[in-house]
1. Condition first: assigned to a helix (DSSP H, G or I) and without any contact (Cβ under 8 Å) to a residue 24 or more places away in the chain. Now tell me which residues in region 39-66 satisfy that.
2. Among the residues of region 163-173, which ones are over 19 Å from the mean Cα position of the chain (by Cα) and outside any loop (DSSP other than H, G, I, E, B)?
3. Quick one: count up the residues across region 45-63 that are out of contact with any helix residue (DSSP H, G or I) (no Cβ under 6 Å at 6 or more places or on another chain) and under 18 Å from residue 185 (Cα atoms).
4. Taking only region 18-38 into account, find how many residues are assigned to a loop (DSSP other than H, G, I, E, B) and within 16 Å of the chain's Cα centre (by Cα).
5. Kindly state which helices (runs of 4 or more DSSP H) lie completely within region 186-268 and contain at least 1 residues that are more than 22 Å from the chain's Cα centre (by Cα) and surrounded by fewer than 20 Cβ atoms within 10 Å (Cβ to Cβ).
6. Just checking, which of 296, 234 is out of contact with any strand residue (DSSP E or B) (no Cβ under 9 Å at 6 or more places or on another chain) and in the same structural domain as residue 121 (by TED's automatic domain parsing)?
7. Within region 107-135, work out how many residues are over 19 Å from residue 242 (Cα atoms) and either assigned to a strand (DSSP E or B) or touching a strand residue (DSSP E or B) at 6+ places or on another chain (Cβ under 8 Å) (or both).
8. Given (1) at pLDDT 90 or above; (2) surrounded by fewer than 17 Cβ atoms within 10 Å (Cβ to Cβ); (3) assigned to a loop (DSSP other than H, G, I, E, B), identify the lone condition not met by residue 295.
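The values are calculated or read from the model by the stated rules, or taken from the named source; none is laboratory data. Keep in mind the model is a prediction, meaning the values are calculated, not measured. Here the Cβ positions follow ideal geometry from the backbone for every residue, glycine too, while neighbour counts run over all protein chains shown.
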């Protein structure tokens, strides 16, 4: 069988860049990366991929129908893995429109172009946040009703339903994955773990929202990449797969683990006002992925957080460069004196 060509959208972002590196290192596919290089997309995330003869980078938006159609035809794309998204909950509260434009309209543009070009498979990378909030027990499964509580999660749920509709209506071969909180190298430092590493490294206060007892299931990003590849290559057409690390931690436990890894005092923790609609607990039942596709996470939290802290310390220039741009403006807008987070909004943890 001829080598496949895959279009990875959002491939200069956190999960996307890790996926591109995984595909180039562990498979023989050709990769076309499409990314608009907005604040969270960084070409330096792909520095070790740009010279690969199996990789092509294109700057552009998934909302550009002409560009997407051209790429699918020019590169004879066999499959699409859609990771392009606005993903930060706080930003969606401050300005929801761009989340609808990118996450909903962009996904629709990709679906229409994929159908017209006869793309073999479309993988939609979504989030467990579409399910809303759990009580103290239980776990999200593929059939859990959608109940999004933020503009971000509502936009992702809307995109997921479009993917389902294109499978049901047009017979497109689609697969949707919904993952828990990722962490690891190259994550933009507005998200919980890199934000806390950055601020703890500088001896600054660490803002923890509410009582810090919101629970998330944590998944090392490389484990997410292996799960995506399993779902893309072996998943059932039309199926949804939930992906989790089987690792529930409160936000406070995560922050304390970072402080311990950096040998910083817990006195740096500063509790700030919670955000509206802050889901209390997420947990994932990934048994379908395990039973059907044989996938299991390989990295436990202790090893993953140690590797993540080590990566950020060894890539201080990357972190400083990223943190000196749009991120600082966003941080001040959300958390600074008089900022909206200081009064109402807490930071996202994805």
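1. 66
2. Within region 163-173, 164, 165, 166, 167, 168, 169, 170 meet the criteria.
3. 3
4. 3
5. The qualifying helices (runs of 4 or more DSSP H) are 192-201, 251-262.
6. 234
7. Counting residues in region 107-135 that are over 19 Å from residue 242 (Cα atoms) and either assigned to a strand (DSSP E or B) or touching a strand residue (DSSP E or B) at 6+ places or on another chain (Cβ under 8 Å) (or both) gives 6.
8. (2)
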